[in-house]
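One structure below.
Just so it is clear, none of the values below were taken in a lab; they were calculated from the coordinates. Being a predicted model, the structure only gives us computed values, none of them experimental. Neighbour counts run over all protein chains shown; Cβ positions are idealised from the backbone, glycine included.
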Amino acid sequence: MRIVFVYDALYPYVRGGAERRYHELARRLSARHDVHYISWRHWSGPNEAIENGIRLHAVGAPVQLYGADRKRTVREAVAFSARLLPVLLRHRFDVIDCSATPYLPLYSTWLASRITRTPLVATWHEFWGDHWYEYLPHRRPVARVASQLEAGARRLSDLVVAVSPFTARRMGLGADDPRLRIVGNGLPLAEIAQVPRAAEELDVLYVGRLIDEKRVDLLLDALARLDTSLPGLRCGIVGDGPERMPLERHAAQLGLGSRVTFFGQVQDGAAFGLMKAAKLFVQPSMREGFGMTVAEAQACGAVPVVVRSAASAAPELVRDGVDGLVVDPTPDAIARGIAALLGDPARRASMSMAAQQTAAARDWDLLADRMELVYLDAVRALPALAAVR
């Protein structure tokens, strides 16, 4: 098959769960299919390139993803959507997999798929719904339009892939929907197994983008509450983003000093090494379509502590009290969870073993095989699915 992935971000130039998903799938599927990827020209050189056996097609020079308010810009999504159509129409593919996060490019991709009569699979990493009003509290008219367009985008594909049952529920799709497939994110287990443990011992680790909805400030506030009871606690924060400087200032204002290390962006191997050296992995994010770093931490033996949120699927990755903890999204609750696990090494060791057993079922090789079947279903079922629409 000629498979094309459509997404405005490309790993490793941009790092996140969706970028990593497409990278892992494309790399594996390229061994037996002709795999393409349409994005901004994140790489150096011409608009057409080949990396890791994947044919890259650029719609143009990349546009800034985040604005002055440190949020993803509508301008970028509109620009990418507008430039997609000519690129998609210049080529012929057997199946298109378009990221529905952000969803605006899905409208352009849907139009191209109808013109070229190409099956379209939309991968939904998350679904915001009413969260738009929280994300844009001072721009309610924009939030309303965004919510309506997102809801309409659910119809713009032949098959819908949700990365978690949580995301499917948020979309309002039931298990009996003929278009729905649930295929989660995976783990490069062989790669993780080969990575050595980092030399630096850490009690607590966070890995992810430093953007406001990740709520890393809650973790810093929790650490400040442990200053007296756990004075030697060491925390590492891995990742970069528009919130990095505000978070560094916040850590300094809390007097955390050398107890918190901002590592910045690191290679995946280094991140896995730090996860292996960490006792706990804290994910305070309020919005996760899946929570890939939580699963990665489990594979590395770091016990995850995640927060409850109506917009996050991460708690579904954890069996509370068995292979991780689920706590309320407050500094006090996070601090209590950290203190409870650090104060009970035997319990923590048992949960670490359980976490690694949970992670063993999430190998990317297995999930790439499942996505291959989804693409074959889309190719075979296009006429029938078109009739249903």
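Assorted remarks:
- Among VAL63, VAL305, the order by Cβ neighbours within 10 angstrom, fewest to most, reads VAL63, VAL305.
- Sorted by Cβ neighbour density within 10 Å, fewest at the top, the residues LYS276, LYS214, LYS71: LYS71, LYS276, LYS214
- Exposure proxy ranking, count of Cβ atoms within 10 Å, fewest first, for TRP124, TRP364, TRP110: TRP110, TRP364, TRP124
- Scanning residues 5 or more positions from ARG154 or on other chains, none has an amide H under 5 Å from its amide H, with H placed 1.01 Å from N in the peptide plane.
- Listed by chain and number, the lysines whose C-alpha is less than 21 Å from the C-alpha of LYS71, apart from same-chain residues fewer than 8 away, are LYS214.
- Centroid-to-centroid separation of the range 126-158 and the range 29-99 [C-alpha atoms, Å]: 23
- In terms of its C-alpha gyration tensor, the range 189-359 comes out rounded, because the ratio a/c of the largest to the smallest axis stays below 1.5.
- Antiparallel bridge percentage (DSSP; both residues within the chain; nearest 5): 10
- Among the listed options (i) 0.97; (ii) 1.04; (iii) 1.11, the one matching Rg/Rh (Cα atoms, Kirkwood Rh) as calculated from these coordinates is (i).
- Beta bridge orientation in the range 189-359: antiparallel %, DSSP, nearest 5: 0
- Amide H partners (placed H, <5 Å) of LYS279, local residues excluded: LEU202, ASP203, VAL204
- Backbone HN-Hα couplings from phi across the range 149-165 [Karplus 6.51/-1.76/1.60, Hz, Gly and Pro as x]: 5, 5, 4, x, 5, 4, 8, 8, 6, 7, 10, 10, 10, 9, 7, 7, x
- Shape of the range 42-158, Cα gyration tensor, a/c cut at 1.5: oblate
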